[in-house]
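Chemist: The structure is given below, and queries will be raised subsequently.
The values are calculated or read from the model by the stated rules, or taken from the named source; none is laboratory data. Note that the structure is predicted; figures quoted are calculated from it, not measured. Here the Cβ positions follow ideal geometry from the backbone for every residue, glycine too, while neighbour counts run over all protein chains shown. Each accessible area value is taken on the protein alone, full model and side chains, heavy atoms only, with ligands, DNA and RNA left out. Shrake-Rupley method; radii C 1.70, N 1.55, O 1.52, S 1.80 Å.
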Amino acid sequence: MHQLTLAEIARGLAEKKFSSEELTKVLLARIAQLDPQLNSFISLTEDLALTQAKAADARRANGESGALLGAPIAHKDLFCTQGIRTSCGSKMLDNFKAPYDATVVAKLAAAGAVTLGKTNMDEFAMGSANESSYYGAVKNPWNLDYVPGGSSGGSAAAVAARLLPAATGTDTGGSIRQPAALTNLTGLKPTYGRVSRWGMIAYASSLDQGGPLARTAEDCAILLQGMAGFDPQDSTSIDEPVPDYSASLNGSLQGLRIGVPKEYFSAGLDPRIADLIMASVEELKKLGAVVKEISLPNMQHAIPAYYVIAPAEASSNLSRFDGVRFGYRCEDPKNLEDLYKRSRGEGFGPEVQRRIMVGAYALSAGYYDAYYLKAQKIRRLIKNDFMAAFNEVDIILGPTTPNPAWKLGAKNSDPVAAYLEDVYTITANLAGLPGLSMPAGFVDGLPVGVQLLAPYFQEGRLLNVAHQYQLNTDWHTRTPTGF
């Protein structure tokens, strides 16, 4: 049962081949057996899962149907879940039980999804390796000595290891797409505003976006269907109709215009990954796509702009964690200043502290114009580059990451080296565009992803291209040894 995709689970439940309760018990046992190797979960919710599974079975017995009704999933541990620890991978929130459900959690629960637990993540979603978590690093199931990517590394590792068919993630600068690429999954970052951010603990509010991680584009379509939609509680949510993503999967790619930016193939890209990307281009050409070279001239400025904007927003968002109302509080504070300093100093890990300091510096009176304002201007130039490109092409294709996964600890002494792994993904967040990563092959036994970008609200187009590609390749069907 653990090898079934979401789509196969939906068919199996509809045909009464098994019940949601049976499937849930199998997967909970599998998590208990295998997750100690991976450390992909922070919290397991066995009682909730079995209650939800029984309720889903009862709903099906009463004639209800739905692709997510009775389907097991997990949530990245920054989606608030009522009465369950929501830690953000941080000591700061280790004792925090959310008093309400995030909109994404509530929508998926209403659709009948079964929550198996909360997955491990980089602390407050800050990282590209899932090594900054208070609960320890997550291991890549393809090689346990390597990172799974981050910050949604727990969700990615759990799905890649077949502990469950799909999970939610969030993407601030590539945190769904990058771990998807490094673990051989399909991961989708929707258009900014497509999925509600209400109840999703913020890192950088103008960049964060929730989305699905699964083995196939078909499964991502199913999960996104349950997540997407306007939410009046979220001021950044956009009131745009949600199409039937599954219905558009089988469209022809004949005449699809694919742009390949020349800037993607620079000295920083592993040449073996470049070869796999071009092989995926050839595969899409066989399906009728037309390929042309394009340019994104301001891409070179993306990393410095992102690493000013994101920490600036983080320093503001994380100022609420001060030891007063909720979260970690230091022992025996001498006065209010001591309470603030020690609660934050002891509650936040080094990567979070680093980004708060950078952000506070960039927003300070003497440097706001020189750093933050300039970064926002670069952000507009990057968006303009994409708008010009999408006048010529329908989607943009390139690598998801410049390198395959690296060894645990290899970049801990050089944070900037880890930041550079986001070079291809952060532009979509800066511009607010939808992006998808899908499996494209292997380098030294480690997975590689190809990234697709589309105009605003064209998630269906991305899923269509990925699904057609997956019907004609088998990279996404490969399973890590031992899982």
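Chemist: Between K292 and L336, what's the calculated FRET efficiency when r is the beta-carbon distance and R0 is 60 Å? Round to 0.05.
Modeler: It comes out at approximately 0.50.
Chemist: Return the aspartates and glutamates within reach of K17: Cα separation strictly under 13 angstrom, same-chain partners fewer than 8 residues apart disregarded; answer none if there are no such residues.
Modeler: E8, D57
Chemist: So if I restrict to the alpha-carbon atoms in region 1-91, what is the Rg, and what is Dmax, the biggest pairwise distance, in Å?
Modeler: Every Cα atom of region 1-91 included, Rg and Dmax give 14.1, 45 Å.
Chemist: For V114, enumerate residues with amide H under 5 Å from its amide H, sequence gap 5+ or separate chain, H modeled in the peptide plane.
Modeler: G70, A71, I73
Chemist: Provide the percentage of antiparallel DSSP beta bridges, counting only those with both residues in region 1-135; round to the nearest 5.
Modeler: About 50 percent, rounded to the nearest 5.
Chemist: Report the label-to-label distance for E46 and T479 in nanometres (one decimal), using points 7 Å from each Cα along the Cα→Cβ vector.
Modeler: The modelled label-to-label distance comes out at 2.4 nm.
Chemist: Okay, moving on. Leaving out same-chain residues fewer than 8 places away, which aspartates and glutamates sit with a Cα under 15 Å from that of K377?
Modeler: Output for K377: D369, D385.
Chemist: Still on this structure, please answer the following. If you average over every viewing direction, what projected area does the convex hull of the Cα atoms of region 347-483 give, in nm²?
Modeler: The orientation-averaged projected area of the Cα hull of region 347-483 comes to 11.8 nm².
Chemist: At a temperature of 10 °C and a viscosity of 1.306 mPa s, determine how fast region 81-180 diffuses translationally according to Stokes-Einstein, using the Kirkwood radius over alpha-carbon pairs as Rh; express D in µm²/s, rounded to the nearest whole number.
Modeler: 116 µm²/s
Chemist: How large a share of the accessible area of region 1-144, in percent, is made up of carbon and sulfur atoms when the probe is 1.4 Å and the other protein chains stay in place?
Modeler: Carbon with sulfur: 51 percent of the solvent-accessible area.
Chemist: In addition: Using all alpha carbons of region 227-385, what is the percent of pairwise distances in each 5 Å bin, ordered from the shortest bin to the longest?
Modeler: Spelled out per bin, shortest first, that is 2, 7, 9, 10, 11, 13, 14, 11, 9, 6, 4, 2, 1, 0, 0.
Chemist: Sticking with this structure for a sec: How much accessible area per residue does the chain have, counting only protein heavy atoms and a probe of 1.4 Å, in square angstrom?
Modeler: 36 Å²
Chemist: When all alpha-carbon pairs of region 407-483 are counted, what percent fall beyond 19 Å?
Modeler: Taking all Cα-Cα pairs of region 407-483, the fraction more than 19 Å apart is 53 percent.
Chemist: Report, for the chain, the % of DSSP beta bridges that are antiparallel, rounded to 5.
Modeler: Around 70 percent of the beta bridges assigned by DSSP in the chain are antiparallel ones.
Chemist: Within 14 Å, Cβ to Cβ, of S235, how many net charges do the neighbouring residues add up to if Lys/Arg are +1 and Asp/Glu are -1?
Modeler: That sum, taken over residues with Cβ under 14 Å, equals -3.
Chemist: Next up: When Lys and Arg each count +1 and Asp and Glu each count -1, what net charge do the other residues less than 13 Å away from L4, Cβ to Cβ, add up to?
Modeler: Local charge sum for L4: 0.
Chemist: Extending each Cα 7 Å along its Cβ direction at A14 and S235, get the distance between those two points in nm, one decimal.
Modeler: Reported label-point gap for A14 and S235 is 4.2 nm.
Chemist: Now a separate question. Listed highest first by mean packing, meaning other Cβ atoms within 10 Å per residue, what order do 444-456, 170-182, 153-165, 320-332 come in?
Modeler: For the peptides 444-456, 170-182, 153-165, 320-332, the packing ranking is 170-182, 153-165, 444-456, 320-332.
Chemist: Take the residue pairs K54/K76; K107/K383; K76/K139; K118/K341 and return only those whose Cα atoms are more than 20 Å apart.
Modeler: In this structure, K54/K76; K107/K383; K118/K341 exceed 20 Å between Cα atoms.
Chemist: Count charges around V281 for me, please; just the other residues with Cβ under 12 Å from its Cβ, Lys/Arg as +1, Asp/Glu as -1.
Modeler: Net of charged neighbours comes to -1.
Chemist: Now a separate question. Of the heavy-atom accessible surface of region 351-478 (probe 1.4 angstrom), what whole percent is carbon and sulfur?
Modeler: Its accessible area is 55 percent carbon and sulfur atoms.
Chemist: Just flag the chymotrypsin sites (Phe, Trp or Tyr not before Pro) in region 194-250 sitting in loop per DSSP whose Cβ has no more than 16 other Cβ atoms within 10 Å.
Modeler: Hits after loop and neighbour filter: F230.
Chemist: Can you give me the % of accessible surface on region 258-324 that is carbon or sulfur? Probe 1.4 Å, all protein chains present, nothing else counted.
Modeler: Carbon and sulfur together cover 54 percent of it.
Chemist: Here is a further query. How far is it, in nm, from the label point at D414 to the one at A61 when both lie 7 Å from their Cα along the line to the Cβ?
Modeler: With each label placed 7 Å out from Cα toward Cβ, I get 6.0 nm.
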